[in-house]
Amino acid sequence: MVTTHNLGFPRIGAKRELKFALESYWKGQSSSDELKALGAQLRQRHWQNQSHLDLVPVGDFAFYDQVLDMSFTLGNLPERVRGFHGDQLDNYFRVARGRSAVGAEEHAGCCGGVSAGEMTKWFDTNYHYIVPEFTAATEFKLDASRLLEQLNEAKVQGINAKPVIIGPVTYLWVGKAKDDSNKLALLERLLPVYVELLDQLATQGVEWVQIDEPVLVTELDADWQHAFNLAYHHLKTSRVKLLLATYFGPLQENLYLASNLPVAGLHLDAINARDEIPSLLNLLPSHKVLSLGVINGRNIWKTDLGAVLNWLEPIAERLGERLWIAPSCSLLHVPVDLVSEQKLDSEIKSWLAFALQKLDELKVLATALDKGRDTVKVELAANQVAIAARSASPLVNNPAVKAAIASINPALGQRKSPYPARARKQAALLNLPAYPTTTIGSFPQTAEIRQARSQFKSGELDEVGYKVAMQAEITRSVREQEALGLDVLVHGEAERNDMVEYFGEQLDGYAFSQFGWVQSYGSRCVKPPILFGDISRPKAMTVEWIKYAQSLTSKPMKGMLTGPVTILNWSFVRDDQPRSVSCYQLALAIREEVLDLEKAGVKVIQIDEAALREGLPLRKSQWKQYLDWAVESFRITANGVADETQIHTHMCYSEFNDIIASIADMDADVITIETSRSDMELLDVFDDFKYPNEIGPGVYDIHSPNIPTQEHIVQLMKKAAERIPVERLWVNPDCGLKTRQWAEVIPALTNMVAAAKALRASA
């Protein structure tokens with residue numbers, strides 16, 4: 001009998017219950033007991049959803065982030081939060097976001113917020129994690145209470161639990177040394193804590209533990225490869241069986257290493273590494289379990305079940321009970337339930353599978369393997385009809401778009417003049433001071449904005465009324481910026497529900513769910529658009545709003561767009577053609593919008609590429625191919641304008657140092673990047689790389705409610721000026737302000753503008 005299991009389940013709830021509970025708690029509107037009770041309810045429901053599996057993951061639920069959970073389990077807390085005397089959950093949120101619930105710090109006798117932990121992307125996903133911090137003096141001390149409590153809950157529910165933890169090597173790899181120490185040297189201190197954790201789980205009657213080591217799909221040097229041997233030979237005496245889980249890519253040169261580690265089983269992402277299965281079957285010792293991720297855990301298309309069975313059946317015959325099947329990775333990256341989608345086009349809906357439907361697919365595969373295909377012939381036939389219908393659908397294929405892609409030539413990606421010539425013309429036109437100030441685009445999405453949007457969607461508010469409501473919010477944003485004294489303004493994006501969904505809704509080739517939410521970080525959820533077909537732009541998408549905003553002020557108004565690479569990487573993308581082709585289609589569509597903005601008199605246009613790095617393959621050997629088409633797509637979008645039109649781009653919460661040459665190749669006149677949480681560390685690359693254009697290092701961490709002081713911002717900008725000439729520096733937040741409150745934004749931007757004035761005075 002084949003064993004079925006899952007690597008992780010979406011934690012936010014089908015209706016984003018966790019998001020709303022977290023935000024209520026942080027505002028002081030509900031208690032920690034209420035938040036914890038909601039977490040228990042969600043876990044119970046999610047385990048019930050998975051109860052037909054042979055093994056159900058436990059410990060994959062987190063109130064903010066599973067990496068942060070692991071840091072607390074291992075007792076690895078930053079020095080700045082160790083003196084907190086309140087509830088541990090409040091201390092957890094202090095690391096995550098700088099402070100916890102309203103009043104929590106005061107109740108604990110503390111002095112308020114602290115610096116939030118650095119946040120970056122989890123491998124090549126849009127999920128953000130809180131980066132573990134290490135120094136040469138770091139010690140570890142086990143606190144297994146969170147995991148043991150969840151395990152006890154699952155036992156009461158009768159769940160056959162498989163605890164999920166992040167492996168020791170990956171934990172060190174995703175962390176960051178805050179001094180000059182070698183974080184890998186901490187492994188010998190870390191392993192005894194893992195031994196103690198596994199021993200406690202064994203005492204609780206646990207048989208299998210899933211230990212995630214996705215770093216095995218990256219290029220590892222000899223020291224990190226040796227770390228795996230050291231770690232797992234240290235853990236091999238554990239009384240529990242370890243399922244070593246890899247995902248997001250193939251193992252390649254780490255295949256032999258992974259297959260010979262002293263663990264009871266190995267999970268391989270068979271979506272991305274199917275070609276490695278024959279070699280793995282020969283390498284894997286005969287006593288080990290092989291778990292294959294046969295359902296795509298990161299996209300929402302139905303699995304071709306017949307095709308999977310064609311290659312899986314011989315493996316099942318060979319391995320027998322040693323074969324396990326699962327999704328390729330945690331289902332954290334997909335929405336919960338397709339059944340809730342009542343407004344989605346029925347044809348497109350028939351092509352999709354969300355988390356619960358993926359587990360149903362897994363059940364069909366297991367039944368076919370155990371009892372034969374005839375026992376599930378109805379399900380297999382329906383699946384094949386859907387797969388064939390999608391392939392042939394005229395909704396997917398647009399000959400005009402394909403012709404436009406075929407006509408792309410290098411001239412589309414070239415500006416008329418090099419940057420120095422453009423910069424002189426732009427300076428003369430815009431007449432900006434030194435250290436010009438701006439924001440990244442969005443301002444707070446107030447209750448009034450959300451109410452107007454909801455009423456418009458429900459029909460309670462007509463189009464004219466909605467337009468009036470949005471113009472009022474735009475007016476408010478412009479007036480606030482003028483009062484603050486910002487130099488280049490934005491319209492605030494009141495009309496936009498999301499920086500990707502807003503554009504997708506106006507492009508042909510996209511579909512939209514009602515409840516297809518996935519977690520990005522903490523309480524921040526996104527609803528990725530579904531890119532199902534060839535992309536085109538029927539009409540202008542932003543011009544009317546930007547023109548209205550510009551009519552309110554004599555200061556430059558930025559036109560705000562999301563770039564093609566980010567729209568691609570933050571969508572559920574069709575899997576029937578190369579991603580590069582879809583990106584070029586998006587580039588041509590957004591290029592039309594750029595040109596229309598310029599025709600409307602907009603002289604500053606920002607094209608956000610927040611997700612450029614996120615799309616990088618996990619192996620550097622494959623980076624060039626991706627960066628070539630990603631950078632070209634941006635240039636196609638941006639470079640049809642006159643020299644006088646200033647093009648900005650924005651990137652956030654990723655490591656950019658190792659792709660800085662490609663960022664420079666984008667040839668944006670101004671780039672704004674996140675640097676506040678990393679204390680300008682991201683600018684270290686400019687010690688060696690002479691970035692040619694203008695740059696705005698983010699000085700206000702908008703993902704924390706903490707208000708930056710004028711002195712702190714001045715200090716950060718002085719660090720930046722050590723690497724970038726003053727005449728090419730901008731002052732700005734590190735991301736958009738939609739998730740903040742006006743009560744936080746006004747004082748923060750007041751300090752930012754004051755800092756810029758102080759810098760000008762001292763220049």
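The values are calculated or read from the model by the stated rules, or taken from the named source; none is laboratory data. Computed from a predicted structure; not experimentally measured. Virtual Cβ from ideal backbone geometry, glycine too; neighbours counted across all protein chains shown. The protein model used for the area step is the full one, side chains on, heavy atoms only, and it has no ligands, DNA or RNA in it. Shrake-Rupley method; radii C 1.70, N 1.55, O 1.52, S 1.80 Å.
So the values come out like this:
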item: Size of electric dipole in the range 188-339: Cβ of Lys, Arg +1 and of Asp, Glu -1, about Cα centre, debye, nearest 20; result: 340
item: Relative contact order (percent, whole number), the chain, Cα cutoff 8 Å, 6+ residue spacing; result: 12
item: Set of lysines with alpha-carbon distance to Lys19 below 24 Å, sequence-local pairs under 8 removed; result: Lys27, Lys36, Lys121, Lys343, Lys358, Lys457, Lys527, Lys738
item: Largest to smallest accessible area among Leu281, Leu244 [probe 1.4 Å]; result: Leu281, Leu244
item: Cα-centred dipole magnitude for the range 524-578, charges only on beta-carbon of K, R (+1) and D, E (-1), debye, nearest 20; result: 360
item: Near-label residues of the range 290-314 by backbone N, under 20 Å of a point 7 Å along Cα→Cβ of Asp360; result: 294-309
item: Along principal axes, Cα extents of the range 378-453, largest first, whole Å; result: 70, 46, 19
item: Förster radius 30 Å - calculated FRET efficiency between Glu592 and Glu23, Cβ distance, rounded to 0.05; result: 0.20
item: Cα-based Rg and Dmax for the range 261-338, where Dmax is the largest Cα-Cα distance (Å); result: 13.1, 40
item: Heavy-atom SASA rank of Ser328, Ser279 (probe 1.4 Å, accessible area, largest first); result: Ser279, Ser328
item: Other-chain or far-sequence residues with amide H under 5 Å of Tyr435's (modelled H); result: Leu729
item: Mean Cβ neighbour count within 10 Å, used as a protection proxy, ranking 123-132, 196-205, 617-626 highest first; result: 123-132, 196-205, 617-626
item: The range 441-550, Cα convex hull volume normalised per residue, Å³; result: 132
item: Between the range 588-626 and the range 547-583, the Cα center-to-center distance that results, in Å; result: 7
item: Probe 1.4 Å - accessible area at Phe134, Å² to nearest ten; result: 0
item: Spatial extent of the range 177-306: Rg and Dmax, with the Cα atoms as the point set, Å; result: 16.0, 53
item: The range 1-142 shape via C-alpha gyration tensor axes, a/c threshold 1.5; result: oblate
item: Dipole axis of the chain (+1 Lys, Arg; -1 Asp, Glu on Cβ), positive-most option in Tyr256, Gly559, His703; result: Gly559
item: Potential extension, Ala411-Glu544 segment - 0.36 nm per residue separation minus Cα distance; result: 45.0 nm
item: The range 363-370 - phi-based ³J(HN,Hα) in whole Hz, Karplus 6.51/-1.76/1.60, Gly and Pro as x; result: 5, 4, 4, 5, 5, 4, 6, 7
item: Label point at Asn229 placed 7 Å out along Cα→Cβ; residues across the range 275-298 whose backbone nitrogen lies under 19 Å; result: 283-285
item: Spin-label model distance (nm) - Asp576 vs Gln200, 7 Å beyond Cα toward Cβ; result: 5.0
item: Largest-first principal axis extents, alpha carbons of the range 10-65, Å; result: 40, 19, 18
item: Pairwise FRET efficiency - Thr709 versus Ala761, Cβ, R0 = 22 Å, nearest 0.05; result: 0.80
item: Nearest-10 value in Å² for the accessible area of Arg415, using the 1.4 Å probe; result: 20
item: Shape category assigned to the range 97-235 from the gyration tensor of Cα positions, a/c cut at 1.5; result: oblate
item: The range 628-757: C-alpha gyration tensor shape, a/c 1.5 cut-off, then a/b vs b/c; result: prolate
item: Cβ-placed point charges (K, R +1; D, E -1), dipole of the chain about Cα centre in debye, nearest 20; result: 740
item: DSSP-defined antiparallel bridges as percent of all bridges, the chain, nearest 5; result: 15
item: Distance between the range 141-207 and the range 351-394 - C-alpha centres, whole angstrom; result: 36
item: Solvent-accessible area per residue for the chain (1.4 angstrom probe, square angstrom); result: 37
item: Largest to smallest principal axis extent of the C-alpha atoms in the chain, angstrom; result: 73, 63, 53
item: Rg/Rg_globular for the range 556-630, with Rg_globular taken as 2.2 N^0.38 Å and Rg from C-alpha atoms; result: 1.23
